[in-house]
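In what follows, a structure is listed as structure tokens, so that the remarks can point back to it.
The values are calculated or read from the model by the stated rules, or taken from the named source; none is laboratory data. Computed from a predicted structure; not experimentally measured. Glycine also receives a Cβ, built like all others from the backbone with ideal geometry; neighbour counts cover every protein chain displayed. The protein model used for the area step is the full one, side chains on, heavy atoms only, and it has no ligands, DNA or RNA in it. Shrake-Rupley method; radii C 1.70, N 1.55, O 1.52, S 1.80 Å.
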Amino acid sequence: MSKPAPVTLALIIVCVVLYIPEALGVHIGGHEINYWLCVANDSLSRPWELVTAIFAHWSIEHLAMNMISLYWLGTMIEEAHGHVKFGIVFFVSGILGNLAVVLFADPNTVAAGASGSIFGLLGAAALLFFAFRQDPGIRSQLQGLLIMLAINVVNSFIPGISMEAHFGGLAGGLICEAVILGMDRDKLTVVRQ
């Protein structure tokens, strides 16, 4: 049985609550709410957008897919690393994903969503499981995660999906996980779902 994952649940609640005004068509200063939250090529002049864009979503389907993934991966990583380290992986991955959008995406791109953070969690989980691959149960989970990662990497090339956010987030998650594994590999609790 998994331990409660309060940070994961809090992040999901924030995403859902911030989607409600978007769904209702609320406008502030003549713009939809996402206008004030999303990341764009000029977001370095408004650095908070590197964070706020993590919580903004374009549609109910976008929100639902990301929240299901966040619940699954977030619960796993939060249980393995604790609340603070999970939060660090989540935010570093999301911020690096959004920074990649600013630096590498088409200048007309406007991006939103938690998928950079989720790709970071996916990369962190894969690296965590790779570190403990000698355990047969972990090895089978690693195979499933690698298949899921491969499918999502391919999906990142679909028009309208921000591959920059995905790959930037993935890099962030791998870097964070490498640091965490280096710091406390002996103390980790590896979760079997």
Taking the range 92-111 and keeping residues at pLDDT 95 or above and under 20 Å from Glu61 (Cβ atoms) leaves Gly94, Gly97
Given (1) touching a His at 6+ places or on another chain (Cβ under 7 Å); (2) not in a helix (DSSP H, G or I), Pro4 misses just (1)
Residues of the range 43-52 being without any contact (Cβ under 8 Å) to a residue 40 or more places away in the chain and open to solvent by 50 Å² or more (accessible area, probe 1.4 Å), in sequence order, are Ser45, Arg46, Pro47, Trp48
Open item on the list: Can you confirm whether Ile20 is open to solvent by 20 Å² or more (accessible area, probe 1.4 Å) and out of contact with any helix residue (DSSP H, G or I) (no Cβ under 7 Å at 6 or more places or on another chain)?
Closed with: yes
Q. Quick check, is Val84 under 16 Å from the mean Cα position of the chain (by Cα), free of Cβ contacts under 8 Å to residues at least 12 places away in the same chain and open to solvent by 50 Å² or more (accessible area, probe 1.4 Å)?
A. yes
By residue number, the members of the range 27-42 that are surrounded by 11 or more Cβ atoms within 10 Å (Cβ to Cβ) and either under 15 Å from His57 (Cβ atoms) or touching a helix residue (DSSP H, G or I) at 6+ places or on another chain (Cβ under 7 Å) (or both) are Glu32, Ile33, Asn34, Tyr35, Trp36, Leu37, Cys38, Val39, Asn41
Over the range 136-163, the set of residues open to solvent by 40 Å² or more (accessible area, probe 1.4 Å) and not in a helix (DSSP H, G or I) is Phe157, Ile158, Pro159, Gly160, Ile161
Scanning the range 113-135 residue by residue, those polar (S, T, N, Q) and open to solvent by 10 Å² or more (accessible area, probe 1.4 Å) turn out to be Ser115, Gln134
Being in contact with a His (Cβ under 6 Å, 6 or more places away or on another chain), in a helix (DSSP H, G or I) and either surrounded by 21 or more Cβ atoms within 10 Å (Cβ to Cβ) or touching a residue at least 60 places away in the same chain (Cβ under 8 Å) (or both) narrows Leu63, Leu99 down to just Leu63
Flagged pairs (Cβ under 7 angstrom, 6 or more apart or on separate chains; first in the range 131-155, over 16 Å from Leu73 (Cα atoms); second assigned to a helix (DSSP H, G or I) and open to solvent by 90 Å² or more (accessible area, probe 1.4 Å)) are Ala131/Arg185; Arg133/Arg139
